[in-house]
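Before any comments, here is the structure.
The values are calculated or read from the model by the stated rules, or taken from the named source; none is laboratory data. Computed from a predicted model, the values in this text were never measured in an experiment. Cβ coordinates were reconstructed from backbone atoms using ideal geometry, including for glycine residues, and neighbour counts include every protein chain displayed. Surface accessibility is based on the protein's heavy atoms, side chains included, excluding ligands, DNA and RNA. Shrake-Rupley method; radii C 1.70, N 1.55, O 1.52, S 1.80 Å.
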Amino acid sequence: NNYDYLYMLVRKENILVQKSEAFTDRIIRMAAYLRHKGADNNILKQIFRSGTSIGANVCESKYAQSRADFVHKLSIALKEANETDYWLRKLYTAKSLTDTEYNSMNNDAEEIIKILVAIINTTKRNGL
């Protein structure tokens with residue numbers, strides 16, 4: 001029923017808020033760590049921008065003015081998450097990240113992407 005759908009959507013959003021904020025914190029710490037290690041500063045600026053933008057757009061979506069605005073904000077977060085995933089791969093291929101570091105960050109990014117896709121698709125499908 002509609003109540004169950006709304007409950008699940010709110011629950012997914014809360015999980016998304018928690019995970020995107022934790023990911024933002026990890027991106028900030030990772031960028032500082034890699035800057036100290038001498039990683040390419042241009043890539044670090046890119047991943048810092050895209051990685052922190054995910055949580056900012058998720059946060060903005062909580063106060064969306066309409067369903068379309070909500071989907072739009074989460075779609076921006078999804079684009080930023082995909083870009084962040086790209087830069088993580090580039091840092092990994094440049095040997096700036098170890099296997100363990102890359103896998104940990106990549107797993108978090110992919111989990112956020114899956115949640116974003118699920119919420120966006122569910123919202124579009126149910127018209128809520």
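Could you list, in their original order, any pairs among K90/K114; K45/K114; K19/K95; K62/K95; K62/K90; K19/K124 whose Cα atoms are separated by more than 29 Å?
Over 29 Å Cα-Cα: K62/K95; K62/K90.
Measuring from label point to label point, each 7 Å out along Cα→Cβ, what is the N14 to R67 span in nm?
My value for the distance between the label points is 2.3 nm.
Using a 7 Å offset from the Cα along the Cα-to-Cβ direction at both D25 and R125, what is the distance between the two label points in nm, to one decimal?
Using points 7 Å along Cα→Cβ, the separation is 3.2 nm.
So for the range 65-111, considering every pair of alpha-carbon atoms, how many percent are separated by more than 12 Å?
Looking at the range 65-111, the distances longer than 12 Å represent 63 percent of pairs.
Can you tell me which of Q46, Q18, Q65 moves the most in a GNM of the chain? Springs connect C-alpha atoms under 10 Å apart.
Comparing Q46, Q18, Q65 in a Gaussian network model of the chain, the most mobile one is Q65.
If R0 is 25 Å, what FRET efficiency do you get for D99 and D40 from their C-beta distance, rounded to 0.05?
With R0 = 25 Å, the Cβ-Cβ based efficiency is 0.85.
Please find, in a Gaussian network model of the chain (springs between Cα atoms separated by less than 10 Å), the residue of T84, T93, T52 whose mean-square fluctuation is greatest.
Ranking T84, T93, T52 by mean-square fluctuation puts T93 first.
Hey, what's the Cα Rg ratio for the chain versus the globular rule of thumb, 2.2 N^0.38 Å?
1.13
Calculate what fraction, in whole %, of the accessible area of the chain sits on carbon and sulfur atoms when a 1.4 Å probe is rolled over the protein chains.
For the chain, the apolar C and S fraction of the accessible surface comes to 52 percent.
So for the pair E111, A32, with labels modelled 7 Å out along Cα→Cβ, what separation do we get in nm?
2.2
Over the chain, give the accessible area per residue in Å² for a 1.4 Å probe, as an integer.
Value returned for the chain: 59 Å² of accessible area per residue.
Pick from N107, N42, N14 the residue whose mean-square fluctuation is largest in a GNM of the chain, springs joining Cα atoms under 10 Å.
Result for the chain, Cα springs under 10 Å: N42 fluctuates most.
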